[in-house]
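Before anything else, here's the structure in question.
The values are calculated or read from the model by the stated rules, or taken from the named source; none is laboratory data. Bear in mind the structure is a predicted one, so any value in this text is a computation, not a measurement. No Cβ is skipped: glycine too gets one built from the backbone with ideal geometry, and neighbour counts run over all protein chains shown.
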């Protein structure tokens, strides 16, 4: 056993897959210990907040010490964030066509002059040929954002007096005022932003991975158990039992398993579809390959001398199957289990995309997250953080399991070694 | 030819039996479930209705419509009669369209998309795999990790990634549909062009997911054959390399055809998701609308149609296999 394990871990492919899988597993186990946010809590108003560090503006104004830093390019950066190269080009185009200014007089890099020209010449009521409403709104928004862009004074924060309602000056914030993020009491890091319901995607994703892995594990165990038992019985007993089991197996091989899954999940109904139920259903529809392969191996084993000896000694069928045949196919069964787990995770994701996954209120799964992202059109809106990490994780899990499987295969079947 | 005829009839018999079994499964599976599908439909129909007798009336109406109060055998007879007449009832989500009508308008799209895509993916995958086995070296070292990577991306993931890259970011292709949303199907060149443009992304995403697994399988098959004794013997005899390679790939091909027949069900399942992501007007998208709309008759009919299509594909492959593999003839002649 020790020797075998040593051999397995010396296989590069297995090790690589194992490391990827362990990284995922450890993240799933450790993250909830460090970060105790509830995974399905809506934390943002508005949907699809982009990834980043969210700093409470009120706190940074009132509760934190403020510092003054004199940085040279602060003003340039401030202007660039409001007025990028594309905006400048668009302004130039408008000025050339709308105000009929000569093109060479407009320098898009001279911000002060450009804004000056813009404020004197831009007229939102003028409709240029070929201009859509969206273009018009863009120019109006652009004009609004230019307001106060070149100002050098700070801003004043005023608070309404509780009794009179009169605004009283409270703080003056200079353009050179900074706060230290570490001193602001309310800072929330959202490495993957929020999803369509305003939930923290990373926290949700970690929880979803653990639920999906559980689903995969349950589905894989159910499928492997059924496949193993049917394969053993069919291969060893043979005859009419074999014919019957093979008939059923062949039947389920050609009927797409996703079709059976769809039919069953739909019939179970939204109310009764928990994560566990879905996992068991997936297991019940994906045992055929295991059964086929186990049967083939058992057939090649059943006339070996040690099996015949066992038969002559009067051992029961169950004893023979468990003690004389199972050890020879154990390695294969482990490999089949690994593949079944990864295909179980994929099956759950597929079902959920069709809206037939586990019911949506209790736990997230990888498939449900994809389903939500698709329903809210995240791919079309460019909200990559809502769907890409999910696809990446699914692919990584499948990839790591496949690698482990290939590695094991090479250890157990020397003929396959490179 | 007599041997082949035996093989053909044996396969035909198996096809018929599988068809009947699939048909029965399609009928019986939903009815074995603990939940009452009629109750689920009525709950959806009666949303917002507070009047209990009203709900009861709807329920009884549906019980009568679906005949769930009759014994199972009688229901089955009615179902068979209706299906044989080509009558699948009314679609709930798209009422008053009949299920027939919905299926008829989507089945053509699915066949035109999936059949060529799976064939092209299979041929490309096998060619690449065979080349990798024969050329070895850098080609192999580049192709294999790529194939392993491709074969691990789930079908829907591949479709979403292609959608985002080529339709949303690069804007080379439209994001969804089978043709321009402002068009009515006709024979004009504009419409045909629109169909071709909309066809590309779903087509290539199915091809890509098919390539990976096939290339890996073909490579290991071909390596195995290239090292077989008959190849060495043929080399000793001085037979030309070209000729040997023909033999090798023909032998390596046979298991791949069996593999295609066995995995076509899985492939069709994956291709359905490509349709869904691109809102291609085929059966996959129909399944999605049916499932979101709780449209029971439509789901049942779509799954039956997909199963039948898969069975026909498997049957066709096995017939083809009988032609190619000399061992089939030999086995039948015994």
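Restricting attention to segment A:361-372, does a residue exist that is within 11 Å of chain B (Cβ to nearest Cβ) and either farther than 15 Å from residue A:274 by Cα or surrounded by fewer than 22 Cβ atoms within 10 Å (Cβ to Cβ) (or both)? Outline the logic, then answer.
To start, the set of residues in segment A:361-372 that are within 11 Å of chain B (Cβ to nearest Cβ) comprises A:366-367, A:370-371.
If we keep only those that are either farther than 15 Å from residue A:274 by Cα or surrounded by fewer than 22 Cβ atoms within 10 Å (Cβ to Cβ) (or both) as well, we get A:370-371.
Checked segment A:361-372: at least one residue is within 11 Å of chain B (Cβ to nearest Cβ) and either farther than 15 Å from residue A:274 by Cα or surrounded by fewer than 22 Cβ atoms within 10 Å (Cβ to Cβ) (or both).
Quick check on my filter: what residues within segment A:261-283 are at the interface with chain B (Cβ under 7 Å from one of its Cβ atoms) and closer than 23 Å to residue B:309 by Cβ?
Going through segment A:261-283, the residues at the interface with chain B (Cβ under 7 Å from one of its Cβ atoms) turn out to be A:262-264, A:266-269, A:272.
Within segment A:261-283, A:262, A:263, A:264, A:266, A:267 meet the criteria.
So, one more: Of everything in segment B:90-125, what is in contact with a strand residue (DSSP E or B) (Cβ under 7 Å, 6 or more places away or on another chain) and over 14 Å from residue B:283 (Cβ atoms)? Give them in sequence order.
Scanning segment B:90-125 gives B:90, B:96, B:98.
Here is a follow-up. Condition test on residue B:257, is it away from chain A (no Cβ under 11 Å), surrounded by fewer than 16 Cβ atoms within 10 Å (Cβ to Cβ) and either without any contact (Cβ under 8 Å) to a residue 40 or more places away in the chain or more than 27 Å from residue B:179 (Cα to Cα) (or both)?
Values: away from chain A (no Cβ under 11 Å): yes; surrounded by fewer than 16 Cβ atoms within 10 Å (Cβ to Cβ): no; either without any contact (Cβ under 8 Å) to a residue 40 or more places away in the chain or more than 27 Å from residue B:179 (Cα to Cα) (or both): yes.
Spelling it out, it is not the case that residue B:257 is away from chain A (no Cβ under 11 Å), surrounded by fewer than 16 Cβ atoms within 10 Å (Cβ to Cβ) and either without any contact (Cβ under 8 Å) to a residue 40 or more places away in the chain or more than 27 Å from residue B:179 (Cα to Cα) (or both).
From the list A:331, A:352, pick out the single residue that is surrounded by fewer than 18 Cβ atoms within 10 Å (Cβ to Cβ) and more than 9 Å from chain B (Cβ to nearest Cβ). Walk me through how you get there before you give the answer.
Values: A:352 fails: surrounded by fewer than 18 Cβ atoms within 10 Å (Cβ to Cβ).
Checking each option against the conditions leaves just A:331.
Suppose we filter B:73, B:83, B:42, B:77 for residues that are farther than 30 Å from residue B:313 by Cα and modelled with pLDDT of 75 or more; which single one remains? Walk me through it before giving the result.
Numbers: B:83 fails: farther than 30 Å from residue B:313 by Cα; B:42 fails: modelled with pLDDT of 75 or more; B:77 fails: farther than 30 Å from residue B:313 by Cα.
Only one candidate qualifies: B:73.
Could you tell me how many of the residues in segment B:121-173 are within 29 Å of residue A:372 (Cα to Cα) and over 23 Å from the mean Cα position of the chain (by Cα)? Working first, answer last.
Quick first cut of segment B:121-173, residues within 29 Å of residue A:372 (Cα to Cα) only: B:148-173.
Imposing the further condition that a residue be over 23 Å from the mean Cα position of the chain (by Cα) reduces the set to B:164-173.
Result for segment B:121-173: 10.
Given the options A:412, A:399, name the one that is in contact (Cβ under 8 Å) with a residue 24 or more places away in the chain and within 24 Å of residue A:330 (Cβ to Cβ).
Values: A:399 fails: within 24 Å of residue A:330 (Cβ to Cβ).
Exactly one of A:412, A:399 is in contact (Cβ under 8 Å) with a residue 24 or more places away in the chain and within 24 Å of residue A:330 (Cβ to Cβ), namely A:412.
Can you tell me which of (1) in the same structural domain as residue A:375 (by TED's automatic domain parsing); (2) under 22 Å from residue A:183 (Cβ atoms) is the one residue A:36 doesn't meet?
The one condition residue A:36 does not meet is (2).
Also, quick follow-up: Within segment B:170-183, which residues are in contact with a helix residue (DSSP H, G or I) (Cβ under 7 Å, 6 or more places away or on another chain) and more than 8 Å from chain A (Cβ to nearest Cβ)? I'd like the intermediate steps shown before the answer.
Here is the first cut: in segment B:170-183, the ones in contact with a helix residue (DSSP H, G or I) (Cβ under 7 Å, 6 or more places away or on another chain) are B:172-175, B:177-180, B:183.
If the condition is that a residue be in contact with a helix residue (DSSP H, G or I) (Cβ under 7 Å, 6 or more places away or on another chain) and more than 8 Å from chain A (Cβ to nearest Cβ), then B:172, B:173, B:174, B:177, B:178, B:179, B:180, B:183 are the ones that fit.
Now for a different question. Could you list, in sequence order, all residues of segment A:51-76 that are surrounded by 12 or more Cβ atoms within 10 Å (Cβ to Cβ) and in contact with a helix residue (DSSP H, G or I) (Cβ under 7 Å, 6 or more places away or on another chain)?
Within segment A:51-76, A:51, A:55, A:64 meet the criteria.
Rundown of residues vs (1) assigned to a helix (DSSP H, G or I); (2) closer than 16 Å to residue B:115 by Cβ, yes/no style:
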{"residue": "B:180", "(1), (2)": "no, no"}
{"residue": "B:185", "(1), (2)": "no, no"}
{"residue": "B:204", "(1), (2)": "yes, yes"}
{"residue": "B:217", "(1), (2)": "yes, no"}
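Is there a residue in segment A:236-251 that is within 23 Å of residue A:391 (Cα to Cα) and buried (at least 17 other Cβ atoms within 10 Å of the Cβ)? So that I can check it myself, show each step before the final result.
Of all residues in segment A:236-251, those within 23 Å of residue A:391 (Cα to Cα) come to none.
No, segment A:236-251 has no match at all.
Within segment A:23-45, which residues are over 20 Å from residue A:388 (Cα atoms) and part of a loop (DSSP other than H, G, I, E, B)?
A:35, A:36, A:37, A:38, A:41, A:43, A:44, A:45
Quick one: is residue B:186 more than 14 Å from every other protein chain (Cβ to nearest Cβ) and either touching a helix residue (DSSP H, G or I) at 6+ places or on another chain (Cβ under 6 Å) or farther than 25 Å from residue A:353 by Cβ (or both)? Before you say what the answer is, go through the steps one by one.
Details: more than 14 Å from every other protein chain (Cβ to nearest Cβ): yes; either touching a helix residue (DSSP H, G or I) at 6+ places or on another chain (Cβ under 6 Å) or farther than 25 Å from residue A:353 by Cβ (or both): yes.
Answer is yes for this residue.
Further question on the same structure: Considering every residue within segment A:89-99, establish whether at least one is at pLDDT below 80 and not in a helix (DSSP H, G or I).
Within segment A:89-99, one or more residues are at pLDDT below 80 and not in a helix (DSSP H, G or I).
Still on this structure, I have one more. Within segment A:379-390, which residues are closer than 23 Å to residue A:358 by Cβ and either at the interface with chain B (Cβ under 9 Å from one of its Cβ atoms) or touching a strand residue (DSSP E or B) at 6+ places or on another chain (Cβ under 6 Å) (or both)?
Selection gives A:379, A:387, A:388, A:390.
Then there's this: State all residues of segment B:198-234 that are modelled with pLDDT under 85 and over 25 Å from residue A:399 (Cβ atoms); if no residue qualifies, say none.
Matches in segment B:198-234: B:225, B:226, B:227, B:228.
Of the conditions (1) modelled with pLDDT of 85 or more; (2) crowded, with 19+ Cβ neighbours inside 10 Å; (3) more than 9 Å from chain A (Cβ to nearest Cβ); (4) farther than 20 Å from residue A:346 by Cβ, residue B:316 clears all except one; give me its number.
All conditions pass for residue B:316, except number (2).
Please work out if residue A:68 is touching a strand residue (DSSP E or B) at 6+ places or on another chain (Cβ under 8 Å) and over 27 Å from residue A:149 (Cβ atoms).
Values: touching a strand residue (DSSP E or B) at 6+ places or on another chain (Cβ under 8 Å): yes; over 27 Å from residue A:149 (Cβ atoms): no.
It is false that residue A:68 is touching a strand residue (DSSP E or B) at 6+ places or on another chain (Cβ under 8 Å) and over 27 Å from residue A:149 (Cβ atoms).
Right, another one. Name the pairs whose Cβ atoms lie under 7 Å apart, with the first residue in segment B:157-169 and facing chain A (nearest Cβ under 7 Å), the second assigned to a helix (DSSP H, G or I) and at pLDDT below 90, and 6 or more positions between them or separate chains?
B:160/A:379; B:160/B:277; B:163/A:379; B:163/B:201; B:163/B:277; B:164/A:379; B:168/A:379; B:168/A:380
Looking at A:233, A:288, can you tell me which residue is in the same structural domain as residue A:357 (by TED's automatic domain parsing) and more than 25 Å from residue B:310 (Cβ to Cβ)?
Working: A:288 fails: more than 25 Å from residue B:310 (Cβ to Cβ).
Within the list A:233, A:288, the selection yields A:233.
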